[in-house]
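In what follows, a single structure is set out as structure tokens and then discussed.
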Amino acid sequence: MRKLALSLFLTGFLAFSSHADELKLQANAPDRYVVVKGDTLWDISGKFLKDPWKWPQIWGMNKAEIKNPHWIYPGDVIVLDRSSGTPRLALQQGGASRTVKLSPKIRNDGSTEAGIPAIPASTINAFISQPFVMDENALNNAPRILGAQEDRMVLGAGDQVYATSGTDSSVSNWKVLRPGKVLKDPETGAVLGYEVMYLGEARTEQAGDPQRLRITRSSEEIQKGDRLIPANDTYSFRYVPHAPAREIKGQVISAYGGVAEIGQYGTVVLNKGERDGLDEGTVLAVYKKGNIIDKIQLPDARTGLVMVYRVFDKVSYALVMQTNRPVNLLDVVRNP
């Protein structure tokens, strides 16, 4: 049975400094490892590397190869090659090791397994298109929900509702949003943007003013006055983990979902964005601010890693990849 292997599309620009290029092996790094279902590139590389986010380097990926799919499957044997002085991982097939080549191919072994992802897909899928940052007044002219015939206060999936018409009559699929809190820089007080709460999806059933819609999905209660924007974004998370292109010192200014403590695979909002040199896949270290004891400032304590997955001009959303204690608001993020 021929099966076209599912691929992980890797794009991005590697901005590794000489420090970031150094590959440090785990003290107990195995000579070989058999891939099992549920593994990720990050997890596997963590068995060999002290810094698992550097997996593109230990696989020997160059900038051209980063754009191609990576193919590793459950049952494959990964071998650590130390012969050149620079550690490399290779796949063992037919009793011989070969360096992984990043090029499309067909898996012809009858396997029904999919190629392993870089990180668990479930950790990112729910957030890819949901967090939004907009300028003030960006939703002022967006269509708004008027309510339902039954005059209900709370609406959800399956409900029929009415809304004002949009300016583009060709739009029939909508995201339902609600203006959220202002995001401010904790150091300067400057407004960085306005977080917009994602509530669900709706589809126009009858155009007009008002238009009639059906709520097709709801993650939160939908109410009168909530806004609609076209659901036409084609955002997808394509990345390769890398160090920032320049020196970064930022802070965690919000947590998606409003929680106070954020654990592994939680989403945080940073007060740095595209204008500061961040892009998708940027990896940053998280630090707790050191306490002051007897008027002496203790050093900041590194507690984990975050990886940026969506970038706006002044802020970005990042996934907590590793942490030995919860991430909190105002924690510092810096170059790893």
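The values are calculated or read from the model by the stated rules, or taken from the named source; none is laboratory data. On a predicted model such as this, the values are computed, not experimentally measured, just so you know. Quick reminder, even Gly has a Cβ in these numbers, built from the backbone with ideal geometry, and neighbours come from all protein chains shown.
Say whether the condition of being of a type in the set (Val, Ile, Thr), surrounded by 13 or more Cβ atoms within 10 Å (Cβ to Cβ), in the same structural domain as Ser165 (by TED's automatic domain parsing) and modelled with pLDDT of 90 or more is met by at least one residue in segment 263-272. Scanning segment 263-272, I find no residue that is of a type in the set (Val, Ile, Thr), surrounded by 13 or more Cβ atoms within 10 Å (Cβ to Cβ), in the same structural domain as Ser165 (by TED's automatic domain parsing) and modelled with pLDDT of 90 or more, so the answer is no. Taking Ser169, is it at pLDDT below 90 and either within 30 Å of Val306 (Cβ to Cβ) or part of a strand (DSSP E or B) (or both)? So Ser169 fails the test. Of the residues examined, Lys63 is one that is within 22 Å of the chain's Cα centre (by Cα) and either at pLDDT below 80 or part of a strand (DSSP E or B) (or both). Out of Glu220, Glu247, one residue alone is under 30 Å from Asp51 (Cα atoms) and assigned to a loop (DSSP other than H, G, I, E, B). It is Glu247.
Quickly run through segment 164-197 and pick out the residues that are of a type in the set (Asp, Glu) and over 25 Å from the mean Cα position of the chain (by Cα). Those that are of a type in the set (Asp, Glu) and over 25 Å from the mean Cα position of the chain (by Cα): Asp168, Glu187. Restricting Val320, Val286 to residues that are in contact (Cβ under 8 Å) with a residue 40 or more places away in the chain, more than 14 Å from the chain's Cα centre (by Cα) and outside the structural domain of Pro52 (by TED's automatic domain parsing) narrows the list to Val286. In this structure, is Gly200 within 23 Å of the chain's Cα centre (by Cα) and modelled with pLDDT of 90 or more? Against the criterion (within 23 Å of the chain's Cα centre (by Cα) and modelled with pLDDT of 90 or more), Gly200 qualifies. Mind checking whether some residue in segment 19-38 is at pLDDT below 65, touching a helix residue (DSSP H, G or I) at 6+ places or on another chain (Cβ under 8 Å), surrounded by fewer than 19 Cβ atoms within 10 Å (Cβ to Cβ) and in the same structural domain as Gly115 (by TED's automatic domain parsing)? Checked against the condition, which is being at pLDDT below 65, touching a helix residue (DSSP H, G or I) at 6+ places or on another chain (Cβ under 8 Å), surrounded by fewer than 19 Cβ atoms within 10 Å (Cβ to Cβ) and in the same structural domain as Gly115 (by TED's automatic domain parsing), segment 19-38 yields at least one hit. Only one of the numbered conditions (1) at negative phi; (2) within 13 Å of the chain's Cα centre (by Cα); (3) crowded, with 18+ Cβ neighbours inside 10 Å is not met by Gly281, and that is (1).
For Arg302, the criteria (1) part of a strand (DSSP E or B); (2) at pLDDT below 90 hold in every case but one, which is (2).
Being surrounded by 15 or more Cβ atoms within 10 Å (Cβ to Cβ) and either more than 19 Å from Asp209 (Cα to Cα) or among the acidic types (Asp, Glu) (or both) is the filter; apply it to segment 145-160 and report the residue that is nearest to the chain's Cα centre (by Cα). Among those that are surrounded by 15 or more Cβ atoms within 10 Å (Cβ to Cβ) and either more than 19 Å from Asp209 (Cα to Cα) or among the acidic types (Asp, Glu) (or both), it is Gly156. Of all residues in segment 148-159, those that are over 14 Å from Arg178 (Cβ atoms) and touching a residue at least 24 places away in the same chain (Cβ under 8 Å) have Cβ atoms under 7 Å from Cβ atoms of residues that are hydrophobic (A, V, I, L, M, F, W, C) and part of a loop (DSSP other than H, G, I, E, B), 6 or more apart or on another chain, in Asp159/Ala148. Among the residues of segment 260-288, the ones that are part of a loop (DSSP other than H, G, I, E, B), closer than 12 Å to Arg334 by Cα and out of contact with any Gly (no Cβ under 6 Å at 6 or more places or on another chain) come to 1 in all.
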